[in-house]
Amino acid sequence: MALARFLPPLVFIAAMGISGKAHADRVSVWGGGGVGTMLTGEGAVYVNGHKMGALSVALPGNKFRVRYLKGSFERTQGIDSNTGDNDLDYEGFDFVVTRAATDFPVDLAIGASRYEEAYHLGYPDQDLGGSEFVHRWGPHVSALRSWPLGRFAEAWAEMDLHFAPYQPQQTFLLVDVGLGVRF
């Protein structure tokens with residue numbers, strides 16, 4: 001159970017070791033935010049805020065990257081007001097195929113995230129009162145694009161589709177913009 005908490009950063013660190021950090025074309029750190037909406041699940045059709053950060057390592061040749069992601073979908077609409085912590089936090093990793101490897105106008109990514117959401121004790125079968133954080137793994141896909149802003153800075157935009165296997169199942173779409181630095 002404890003290993004599941006550390007799996008996303010461990011996968012990222014292992015990928016850095018395989019690629020040879022010293023030989024990576026670049027390392028980037030991004031942060032930003034935007035909006036998101038549930039497509040299925042509780043609170044669907046409401047637009048809420050989202051914030052995220054990413055650490056990215058470009059593999060030699062800059063055709064592929066590995067990213068570590070951490071974010072929070074701050075849901076304030078469409079959720080019962082007495083739920084307490086009603087955001088959906090996640091951390092995960094993905095594998096990015098860059099525009100340098102394709103003829104697409106955006107980079108494409110596929111990965112997995114570990115979601116954390118507060119539910120009642122005994123979820124999903126019975127309500128024992130109180131609440132606890134429930135963790136689930138699920139896939140995500142992304143389309144992203146970055147633009148250089150000088151030598152070390154960049155702007156980026158991203159659209160992500162996530163699937164969190166809770167009951168009811170949750171599919172949510174996120175659109176973010178932000179700034180980053182690259183080394």
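Near PHE93, the amide H atoms lying under 5 Å from its own belong to LEU69, ALA112; only residues 5 or more places off or on other chains count, and H is placed 1.01 Å from N. Taken per residue, the accessible surface of the stretch 27-183 reaches 48 Å², heavy atoms only and a 1.4 Å probe. Sorted largest first, the principal axis extents computed over the alpha-carbon atoms of the stretch 70-183 equal 54, 24, 23 Å.
Using a 1.4 angstrom probe on the protein heavy atoms only, line up TYR90, TYR123 by accessible area, largest first. Show your work: numbers first, answer last.
On the way: TYR90 10, TYR123 30 Å².
From most exposed to least exposed: TYR123, TYR90.
Across the stretch 163-171, computed HN-Hα scalar couplings (Karplus, 6.51 cos²θ - 1.76 cosθ + 1.60, θ = phi - 60°) run 10, 10, x, 8, 10, x, 4, 10, 10 Hz from first to last residue, x flagging Gly and Pro. Each of ALA101 and HIS135 was given a label point 7 Å from its Cα along the Cα-to-Cβ line. The distance between the two points is 2.8 nm.
For the stretch 66-75, backbone phi angles converted through the Karplus equation (6.51, -1.76, 1.60; θ = phi - 60°) give residue-by-residue couplings of 10, 10, 10, 10, 9, x, 9, 8, 7, 7 Hz, Gly and Pro being listed as x.
Using a 1.4 Å probe on the protein chains only, how many percent of the accessible area of the stretch 47-169 belongs to carbon and sulfur?
Working: 3550 of 6040 Å².
Roughly 59 percent, rounded to a whole number.
Across the stretch 27-35, computed HN-Hα scalar couplings (Karplus, 6.51 cos²θ - 1.76 cosθ + 1.60, θ = phi - 60°) run 10, 10, 10, 10, x, x, x, x, 10 Hz from first to last residue, x flagging Gly and Pro. With K and R counted +1 and D and E -1, the other residues having a Cβ less than 10 Å from that of PRO105 yield a net charge of 0.
If you plug the beta carbon distance of ILE110 and VAL181 into 1/(1 + (r/R0)^6) with R0 = 22 Å, you get a FRET efficiency near 0.30.
A simple charge model with +1 on the Cβ of Lys and Arg, -1 on the Cβ of Asp and Glu and nothing else charged puts the dipole of the stretch 45-183 at about 880 debye relative to its Cα centre.
Farthest towards the positive end of the charge dipole of the stretch 46-183, among the residues PHE73, MET52, LEU179, is the Cα of LEU179, using unit charges on the Cβ of Lys, Arg, Asp and Glu.
The values are calculated or read from the model by the stated rules, or taken from the named source; none is laboratory data. Bear in mind the structure is a predicted one, so any value in this text is a computation, not a measurement. Quick reminder, even Gly has a Cβ in these numbers, built from the backbone with ideal geometry, and neighbours come from all protein chains shown. In case anyone asks, the SASA skips ligands and DNA or RNA and just uses the protein heavy atoms, side chains included. Shrake-Rupley method; radii C 1.70, N 1.55, O 1.52, S 1.80 Å.
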